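Note sheet for the following structure.
The values are calculated or read from the model by the stated rules, or taken from the named source; none is laboratory data. Given the structure is predicted, the values throughout are model-derived calculations rather than measurements. Here the Cβ is made from the backbone with ideal geometry for all residues, glycine too, and neighbour counts use every protein chain on show.
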């Protein structure tokens, strides 16, 4: 996941970050504002993680968030398919 995607999905990510790391305040999240590079420092500051542990925590979060996005994409594709089938059925009835 690159930084452009992170910035573009910031509002959604902000809630997920708050759930994952409850010690982050609204001000902390505002300071991060989509800057992935700052997250490691905040984890070290708030949780006392080493640099390596903070990197591991971020990678774990990114993997879980990426899986959530993929699941959402699959759900959207399924809804689109259902809508398409519904409208295709209607057009066949109209043609009859």
* If you scan region 28-48, which residues turn out to be surrounded by 17 or more Cβ atoms within 10 Å (Cβ to Cβ) and not in a helix (DSSP H, G or I)? -> 34
* Asked: Do you know which residues across region 75-96 are over 35 Å from the mean Cα position of the chain (by Cα) and at pLDDT 80 or above?
  -> none
* Could we say that residue 23 is touching a residue at least 12 places away in the same chain (Cβ under 8 Å) and not in a helix (DSSP H, G or I) here? -> yes
* **Residue count for region 58-70, restricted to those that are touching a residue at least 24 places away in the same chain (Cβ under 8 Å) and closer than 19 Å to residue 28 by Cα** => 2
